[in-house]
Amino acid sequence: AQSVTQPDIHITVSEGASLELRCNYSYGATPYLFWYVQSPGQGLQLLLKYFSGDTLVQGIKGFEAEFKRSQSSFNLRKPSVHWSDAAEYFCAVGDGDNAGNMLTFGGGTRLMVKP
Amino acid sequence: EAQVTQNPRYLITVTGKKLTVTCSQNMNHEYMSWYRQDPGLGLRQIYYSMNVEVTDKGDVPEGYKVSRKEKRNFPLILESPSPNQTSLYFCASSLSMGHLTYEQYFGPGTRLTVT
């Protein structure tokens, strides 16, 4: 069964600093990988996704993520964090071979941004 | 505006009192799904539906029912709610083309408290 681990439950960074959120997955075949962001009181918004091809993917709001098969990782990065980036971030893996294409989510990382 | 809507957004109820949370999407999506979000556990899938009259269990289906009589609607039914179903619930939908399902669009969430 597929699984996703986000090792950091909370992360605090200063505004303007760089950010990296870690995501490790367990999946037998080529995974479909996603990063979602959940702002307070809001639903989940897709930041970026990886299906195949270039392992460095660009998303919205200046985020990017790199798929590293050898490390089973899909870490999210941003070079300069803004106060509005404070939110909870979820990594997810989709089972592309399953007709239901169920998403398995990690436990989430809550990002706090210091002024 | 393309969106997934859920009602109600907040609900406090008592053990055993049947309730329904509605979900509707206006994007003509084939695939719809229900998740529950609990702290530290991320989102876990309850049920999903590939199309009208086609539903299947996710990871945590116990205590829940769903139906898909129309393409746009996917209600979640708790026949006899219990306190362990206190959670934040999200409905999601996505376009499905054969086995490949694209990114999911999430509703704003329904916070349910069962006393």
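Here A:Glu88 meets each of (1) charged (D, E, K, R); (2) open to solvent by less than 60 Å² (accessible area, probe 1.4 Å); (3) away from chain B (no Cβ under 14 Å) with one exception, condition (3). Pairing residues of the stretch A:78-105 that are part of a loop (DSSP other than H, G, I, E, B) with residues that are β-branched (Val, Ile, Thr) and at pLDDT below 85, at Cβ distances under 9 Å and at least 6 apart in sequence or on separate chains, gives A:Gly96/A:Thr30; A:Gly96/B:Thr101; A:Ala99/B:Thr101; A:Gly100/B:Thr101; A:Asn101/B:Thr101. Taking the stretch A:1-76 as the region of interest, the strands (runs of 3 or more DSSP E) fully inside it that hold 2 or more residues being among the hydrophobic types (A, V, I, L, M, F, W, C) are A:10-14, A:19-21, A:32-38, A:44-50, A:56-58, A:64-68. Exactly one residue out of A:Leu21, A:Leu47, A:Leu111 is on the phi < 0 side of the Ramachandran plot, at pLDDT 90 or above, away from chain B (no Cβ under 14 Å) and open to solvent by less than 70 Å² (accessible area, probe 1.4 Å): that is A:Leu111.
Scanning the stretch A:16-27 for residues that are touching an Asp or Glu at 6+ places or on another chain (Cβ under 9 Å) and of a type outside the set (Phe, Trp, Tyr) yields A:Leu19, A:Leu21, A:Arg22.
Tell me, please, whether a residue that is under 27 Å from A:Gln2 (Cα atoms), modelled with pLDDT under 95 and small (Gly, Ala, Ser) can be found in the stretch B:1-23. No, there is no match, as no residue in the stretch B:1-23 is under 27 Å from A:Gln2 (Cα atoms), modelled with pLDDT under 95 and small (Gly, Ala, Ser). Restricting attention to the stretch B:50-64 and to residues that are of a type in the set (Val, Ile, Thr) and away from chain A (no Cβ under 11 Å), the residue that is least open to solvent (accessible area, probe 1.4 Å) turns out to be B:Val60. Among the residues of the stretch B:22-49, those that are open to solvent by 40 Å² or more (accessible area, probe 1.4 Å) and facing another protein chain (nearest Cβ under 8 Å) comprise B:Gly40, B:Leu41, B:Arg44. In this structure, A:Val13 qualifies as in contact (Cβ under 8 Å) with a residue 60 or more places away in the chain, within 13 Å of A:Arg110 (Cα to Cα), open to solvent by less than 50 Å² (accessible area, probe 1.4 Å) and over 10 Å from the mean Cα position of the chain (by Cα).
The values are calculated or read from the model by the stated rules, or taken from the named source; none is laboratory data. Everything numeric here is computed off the predicted structure, so don't read it as measured data. Reconstructed Cβ throughout: ideal geometry from the backbone, glycine too, with neighbour counts over all protein chains shown. Surface areas here come from the heavy atoms of the whole protein model, side chains and all, with no ligands, DNA or RNA. Shrake-Rupley method; radii C 1.70, N 1.55, O 1.52, S 1.80 Å.
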